[in-house]
Amino acid sequence: MNNRRNFLRQLAVSAAIPAAVCSRAFGQAPPPAKLEETDPVAIALGYKEDTTKVDPAKYPMHKPEQRCDNCALYTGKAGEASGPCGAFGGKLVTAAGWCQVWAKKPEPAKP
């Protein structure tokens, strides 16, 4: 049983090495893809590119001030029109967007 586990582990590692080498040899990984509202995960989480277009009847917990750029899962830079989101596997979401998993970004710690 251990031999089979070791073999599978080695197989996984040996399969990952060429991918890592190729990504380094040919530059960085491609930029993340833009999330479309028609993406199945976006539909499941109620993603909208514009928070003002969220249906209040369908999402009664939504508030207009909830935007992707003030969500804890959004990792884009301040002031940019879009950025990566952890809820969507790093795909780019609009800063003015919204989805059901919105969570308030914590305030920065004061020195």
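The values are calculated or read from the model by the stated rules, or taken from the named source; none is laboratory data. Bear in mind that the values here come from a model prediction, so they are computed numbers and not experimental data. Every residue, glycine among them, receives a Cβ derived from its backbone with ideal geometry; neighbour counts consider all protein chains shown.
Looking only at the range 68-96, count every residue that is crowded, with 20+ Cβ neighbours inside 10 Å, more than 15 Å from ALA33 (Cβ to Cβ) and in contact with a helix residue (DSSP H, G or I) (Cβ under 9 Å, 6 or more places away or on another chain) and tell me the total. Result for the range 68-96: 4.
If you filter the range 1-56 down to residues that are at pLDDT 70 or above and basic (Lys, Arg), you find that the one that is farthest from THR94 (Cα to Cα) is LYS53. Among the residues of the range 87-100, write down those that are under 14 Å from ALA42 (Cβ atoms), in contact with a Phe, Trp or Tyr (Cβ under 9 Å, 6 or more places away or on another chain) and either part of a loop (DSSP other than H, G, I, E, B) or of a type in the set (Gly, Ala, Ser) (or both). ALA87, GLY97, CYS99, GLN100 - these are the residues of the range 87-100 that are under 14 Å from ALA42 (Cβ atoms), in contact with a Phe, Trp or Tyr (Cβ under 9 Å, 6 or more places away or on another chain) and either part of a loop (DSSP other than H, G, I, E, B) or of a type in the set (Gly, Ala, Ser) (or both). Filtered by the rule that a residue be within 17 Å of the chain's Cα centre (by Cα) and outside any loop (DSSP other than H, G, I, E, B), the range 52-72 gives CYS68, ASP69, ASN70, CYS71.
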